Ligand code: MG
């Protein structure tokens, strides 16, 4: 997909004549941090302790869902057990502990550079994540120094996790603009679906085992192989958007 084809397709999808991008809505795991490896390890550990079969890769496919919903689904399908909200919350706490025990996750290479380009263009940057990992959420302000607005949407703020459009719709509201004035940065198929159905121009980043094809199938407008590749392509993409 070329930049100009992606823009033409988005204009048609959004039913607008011109794009006027004012904000970037940015996912956390797999975009700001290279954290998905540790998340999937923590999930596998929790599942095996509870006798539930799983693979490490499947958790990349669930990425974006609220954690307690992943637990309810896996216990239902893998053990025939219906978890109460309290049980799911407690188990999610254990999963969070396993995640923290694996150590601090690194920043995703190239993302800060890409966000600086967006910031220079005057875009607001809003965090939109299903994550409830307080330890990671607390790091963002320091790691991504002054990039992000105070307003943010996390797993604590939404009723419906991704792939529901609610997280990105709330992100647009936090930015004070229409969804079609937002760029979404996402690495996960369910997150891409959330951004796309919210009506945002959704950029997919293949930072894990999910392929560009997986992200296009979920509704990505354009896919880059890494945040570094996005940082390089952004000036041309933003110029093409202005000329749209
Ligand atoms: Mg993600």
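Yes/no per residue for (1) over 20 Å from residue 238 (Cα atoms); (2) more than 15 Å from the ligand (Cβ to nearest atom); (3) in contact (Cβ under 8 Å) with a residue 40 or more places away in the chain:
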{"residue": "150", "(1), (2), (3)": "yes, yes, no"}
{"residue": "157", "(1), (2), (3)": "yes, yes, no"}
{"residue": "170", "(1), (2), (3)": "yes, yes, yes"}
{"residue": "174", "(1), (2), (3)": "yes, yes, yes"}
{"residue": "180", "(1), (2), (3)": "no, yes, yes"}
{"residue": "186", "(1), (2), (3)": "no, no, yes"}
{"residue": "191", "(1), (2), (3)": "yes, no, yes"}
{"residue": "199", "(1), (2), (3)": "no, yes, yes"}
{"residue": "205", "(1), (2), (3)": "no, no, yes"}
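Does the range 105-115 include one or more residues that are without any contact (Cβ under 8 Å) to a residue 60 or more places away in the chain and not assigned by TED's automatic domain parsing to the domain that holds residue 165?
Taking the range 105-115 as the starting set, the residues that turn out to be without any contact (Cβ under 8 Å) to a residue 60 or more places away in the chain are 112.
With not assigned by TED's automatic domain parsing to the domain that holds residue 165 added as a condition, the list becomes none.
Taking every residue of the range 105-115 in turn, none turns out to be without any contact (Cβ under 8 Å) to a residue 60 or more places away in the chain and not assigned by TED's automatic domain parsing to the domain that holds residue 165.
With the requirement that a residue be in contact (Cβ under 8 Å) with a residue 60 or more places away in the chain and either closer than 16 Å to residue 6 by Cα or surrounded by 24 or more Cβ atoms within 10 Å (Cβ to Cβ) (or both), what does the range 211-226 give you? Write out each step before concluding.
Residues of the range 211-226 in contact (Cβ under 8 Å) with a residue 60 or more places away in the chain: 216, 221-223, 226.
Those that are in contact (Cβ under 8 Å) with a residue 60 or more places away in the chain and either closer than 16 Å to residue 6 by Cα or surrounded by 24 or more Cβ atoms within 10 Å (Cβ to Cβ) (or both): 216, 221, 222, 223.
Taking residue 49, is it away from the ligand (no atom under 15 Å from the Cβ), surrounded by fewer than 20 Cβ atoms within 10 Å (Cβ to Cβ) and assigned by TED's automatic domain parsing to the domain that holds residue 129? Break it down into steps so the answer makes sense when it comes.
On the way: away from the ligand (no atom under 15 Å from the Cβ): yes; surrounded by fewer than 20 Cβ atoms within 10 Å (Cβ to Cβ): yes; assigned by TED's automatic domain parsing to the domain that holds residue 129: no.
Criteria not met by residue 49.
Exactly one of these conditions fails for residue 54: (1) touching a residue at least 24 places away in the same chain (Cβ under 8 Å); (2) in contact with a helix residue (DSSP H, G or I) (Cβ under 8 Å, 6 or more places away or on another chain); (3) within 16 Å of the ligand (Cβ to nearest atom). Give me its number.
(3)
Please tell me if residue 75 is within 16 Å of the ligand (Cβ to nearest atom) and at pLDDT 95 or above. Don't jump to the end; show me each part of the working.
Working: within 16 Å of the ligand (Cβ to nearest atom): no; at pLDDT 95 or above: yes.
Taking the combined requirement at face value, the residue does not satisfy it.
From 54, 28, grab the single residue that is within 26 Å of residue 209 (Cβ to Cβ), at pLDDT 95 or above, surrounded by 15 or more Cβ atoms within 10 Å (Cβ to Cβ) and not assigned by TED's automatic domain parsing to the domain that holds residue 144. Write out each step before concluding.
Details: 28 fails: not assigned by TED's automatic domain parsing to the domain that holds residue 144.
Just a single option satisfies the conditions, and that option is 54.
Taking the conditions exactly as written (under 21 Å from the mean Cα position of the chain (by Cα), over 17 Å from residue 187 (Cβ atoms), assigned to a helix (DSSP H, G or I) and within 16 Å of the ligand (Cβ to nearest atom)), does residue 61 satisfy them or not? Outline the logic, then answer.
Values: under 21 Å from the mean Cα position of the chain (by Cα): yes; over 17 Å from residue 187 (Cβ atoms): no; assigned to a helix (DSSP H, G or I): yes; within 16 Å of the ligand (Cβ to nearest atom): yes.
In short, no.
Out of the residues in the range 1-45 meeting the condition of being free of Cβ contacts under 8 Å to residues at least 40 places away in the same chain and not in a helix (DSSP H, G or I), tell me which one is nearest to the ligand (Cβ to nearest atom).
2
The values are calculated or read from the model by the stated rules, or taken from the named source; none is laboratory data. Everything quoted here is computed from the prediction, not taken from an experiment. Using ideal geometry, Cβ is built from the backbone for each residue, glycine included, and neighbour counts are taken over all protein chains shown.
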